[in-house]
Amino acid sequence: MLIHPDRSTLLVIDVQERLQPFIEQGEAMLDACCWLVQVAKRLGVPVICTEQYPRGLGATVPALRELLGDSAVVEKIYFSAVAECGAAAGRPDLPESGGGFLAAPGGERRQFVVVGSESHVCVQQTVLDLLALGREVFVVEEAVGSRRASDKALALDRMRRHGADIVSREMVAFEWLQRAGTETFRAVSREFIR
C-alpha cells in the first residue's frame, strides 16, 4: 500500500511550545515535522495541525506554526483528535464539536501521514481511532516523539500491531513524488532531499 499525494493528508499532532522542550530528541523531531510540512505544501498535500488544550500547553511551536495557515490548526481537548469529532467518528458516547479535524480541508481523505507528540498519548490514540474508522495510517518514525524513548518505542510497536505502517520521512516524500524525471521531482530533490 503506497502513500498517494491525492489521497493523503499530513496530520501534525500537538507540537506545542510548553511540551516540546521535554520531548526526547525534540529538535530532530521538530525538524522532521517542518520538513514534511514543507514537502506536503510543495506537492499540494493538505496539512492539518492539532493543538491539545493550547491555554495549558501553549500554541504550536513558532518554527512549525509559521509554515501553516490559520485554517490548518484545530484545537482539541480529547487526547485522540478523532474523539474530538464525536459522533462523526463513530463514537456516539462523545459530544460532537462541529466535526473537528475531520471537517478541515483534507480530513475526508483515506490516508493519513501522522507526526507529532506524544507518541504514546495523543499520537497513538488518534492513530488507533483512525484505524478503527478504516483509514490507512502511516506514522513517521523520526517525526514523532515522547518524553521517554521507551514510551515512543512501545507506542510504535502497538500502532504497528494494530495496522499502522511505520515509515521514514523520505519514504513519504518519494511515495508522494511517485516518479523521477519531472520538474517537481527535480525541485523537491534539490530543496529537500540531499
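What follows draws every value from the coordinates through simple rules; no lab data is involved. All of these numbers come straight from a predicted model, not from anything done at the bench. So basically every Cβ, Gly included, is an ideal-geometry build from the backbone, and we count neighbours across all protein chains shown.
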The simple spin-label model distance between L68 and R179, using points 7 Å out along Cα→Cβ, in nm, is 3.4 nm
Rounded, prolate or oblate for the range 8-58? Axes are the square roots of the Cα gyration tensor eigenvalues, ordered a ≥ b ≥ c, and the cut-off for rounded is a/c under 1.5.
oblate
Please tell me the relative contact order of the chain in percent, rounded to the nearest whole number, where contacts are Cα pairs under 8 Å and at least six residues apart.
26 percent
Kirkwood hydrodynamic radius (Cα pairs, Å) of the range 113-194?
13.6 Å
Among (1) 19.9; (2) 16.5; (3) 17.6, the entry matching Kirkwood radius over Cα pairs in Å as calculated here is (2)
